[in-house]
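The values are calculated or read from the model by the stated rules, or taken from the named source; none is laboratory data. Given the structure is predicted, the values throughout are model-derived calculations rather than measurements. Counting neighbours? That spans all protein chains shown, and the Cβs are built from the backbone with ideal geometry, glycine included.
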Amino acid sequence: MKEPLLFLSAHLPAPNASEAGQVCAFHNLKMLSEKFDIHLVAFRAEVSRDWSSQPVEKLCASSKFFSVTNFGRVLSALGHPGLPTKAAARATGECAAYIGALMKKRAFARVHLEGQQMAVYADIFRTIPRRTLYAQDVFCQTFERKAEKFSFPANIFYAVEQRRLQRWERLAFSRMTDLYVPSEKDVELVCQLDTHLAARTKSVPLFFKNYGARDKVPDGRPTLVYWGAYSRSENVDAAEFLVQEVLPPLRVSGRNARVILAGANPPRSFNCFDPANVTVTGFIADPGATLRSATIAVLPLRMGGGVKVKVLELLAAGVPVVTTVVGAEGIPCNSANGLFVTDMKAEDIANTTLRILSMPPDQLLSLSNAASAWSREYAAIGSSIILG
């Protein structure tokens, strides 16, 4: 008979979600369900309102979902002024009462958290002997970058929240017996918060989907793809930067390149792009063919934190990736295996892109094969650590 496990998730775990975080959460839940009877408590925001919960419910002995709305976020922030807004959005009396009642019915030996926001309930489950957390990124780094990117008054908000998150994440992580993060870079960030966390922190690569590698380089007009969920501001910023700042110098150089902006929830601002040069796909149930149809991917990310699953998925599809330090951080790959890293200047991104587009087809295909081979090896590393 399996032991019961309390699984708390800041987002709805879903195998076919439009955002990588929910897909990774589902993967971790599925792995743990092989060893434990899962009792799931999860939040679902507006973006996941229409997603089916049946796949995750089938893996669980019990499940309970709480809604997150913009109005609810405001109320939670006002009701929990001591918490950073990122954490306050998941702090509800209803959820706390449900977890408390669940713990009275069962003796849990382990609680697992997907997302550090769920540590707002740490006082309730502090008696559970083993407390594990998978943090897909360190929030204070993400907010620090937003403070640098945005202008007044948004930068003031992000700077204040970044300092609040530093203090809160240090406390949240210290309440766990085991902490999992997706890269050695994130291990370093955690240790910067508190050196005492080093002994309990492990690097566990993120799960990512392999849509299958291409066996040939696409012919015809050079095509650049940006792949991401546009409900995230960093993807909107990077996609607009690609079209407005990187594409023009490529066209001036004589490369009649086009761009595919692939992914769910594209904003209205994308409607202003010239359809002759920019294709906006919206949500794609099976994006493999779209990814493989691009000559290369260009992801000029300037914000965000953690390992970017979109980069891993593109490499798995055999699509070389040009990205910034922000886009490549935590991914132990280099240009020999299809990952080209530049700074954030449009000129440098365009020059690197032009260099790859100028490669002979056989060299580009060799690069594609190297990228997909590297991704397969990377995916196999540490995939079962979270079960331990």
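Tabulated data for the structure shown
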| item | result |
| --- | --- |
| Candidate set from the stretch 167-196 (those that are polar (S, T, N, Q) and surrounded by fewer than 19 Cβ atoms within 10 Å (Cβ to Cβ)); member that is nearest to residue 301 (Cα to Cα) | 192 |
| Meets criteria (of a type in the set (S, T, N, Q) and either closer than 21 Å to residue 371 by Cα or free of Cβ contacts under 8 Å to residues at least 12 places away in the same chain (or both)) for residue 277 | no |
| Residue in the stretch 211-266 that is modelled with the lowest pLDDT, counting only those that are part of a helix (DSSP H, G or I) and charged (D, E, K, R) | 251 |
| Residue that is surrounded by the fewest Cβ atoms within 10 Å (Cβ to Cβ), among those in the stretch 216-260 that are among the β-branched types (Val, Ile, Thr) and without any contact (Cβ under 8 Å) to a residue 40 or more places away in the chain | 252 |
| Selection status of residue 213, surrounded by fewer than 18 Cβ atoms within 10 Å (Cβ to Cβ), outside the structural domain of residue 296 (by TED's automatic domain parsing) and out of contact with any Lys or Arg (no Cβ under 6 Å at 6 or more places or on another chain) | no |
| Residue check, residue 54 buried (at least 19 other Cβ atoms within 10 Å of the Cβ) and closer than 27 Å to residue 228 by Cα | no |
| Qualifying residue in the stretch 72-92 (condition: over 21 Å from residue 140 (Cβ atoms), surrounded by 15 or more Cβ atoms within 10 Å (Cβ to Cβ), assigned by TED's automatic domain parsing to the domain that holds residue 24 and among the β-branched types (Val, Ile, Thr)) | yes |
| Leading residue by the ranking (surrounded by the fewest Cβ atoms within 10 Å (Cβ to Cβ)) among those in the stretch 93-108 that are in contact with a strand residue (DSSP E or B) (Cβ under 8 Å, 6 or more places away or on another chain) and closer than 30 Å to residue 157 by Cα | 94 |
| Residue count for the stretch 1-11, restricted to those that are within 14 Å of the chain's Cα centre (by Cα) and not small (Gly, Ala, Ser) | 1 |
| Test result for residue 377, surrounded by 20 or more Cβ atoms within 10 Å (Cβ to Cβ) and among the charged types (D, E, K, R) | no |
| Qualifying residue in the stretch 110-128 (condition: under 19 Å from residue 176 (Cα atoms), of a type in the set (Ser, Thr, Tyr), surrounded by fewer than 21 Cβ atoms within 10 Å (Cβ to Cβ) and assigned by TED's automatic domain parsing to the domain that holds residue 29) | yes |
| Residue count for the stretch 56-71, restricted to those that are touching a strand residue (DSSP E or B) at 6+ places or on another chain (Cβ under 9 Å) and modelled with pLDDT under 95 | 2 |
| Per-region count, the stretch 272-309, residues closer than 23 Å to residue 244 by Cα and either hydrophobic (A, V, I, L, M, F, W, C) or not assigned by TED's automatic domain parsing to the domain that holds residue 359 (or both) | 14 |
| Residue check for residue 204: surrounded by 15 or more Cβ atoms within 10 Å (Cβ to Cβ), touching a strand residue (DSSP E or B) at 6+ places or on another chain (Cβ under 8 Å), assigned by TED's automatic domain parsing to the domain that holds residue 144 and without any contact (Cβ under 8 Å) to a residue 24 or more places away in the chain | no |
| Strands (runs of 3 or more DSSP E) fully within the stretch 275-367 counting 2 or more residues that are surrounded by 19 or more Cβ atoms within 10 Å (Cβ to Cβ), modelled with pLDDT of 95 or more and of a type in the set (S, T, N, Q) | 321-324 |
| Search result, residues across the stretch 125-137 that are within 23 Å of the chain's Cα centre (by Cα) and modelled with pLDDT of 95 or more | 131, 132, 133, 134, 135 |
| All positions within the stretch 56-76 that are in a loop (DSSP other than H, G, I, E, B) and either of a type in the set (Lys, Arg) or touching a residue at least 60 places away in the same chain (Cβ under 8 Å) (or both) | 58 |
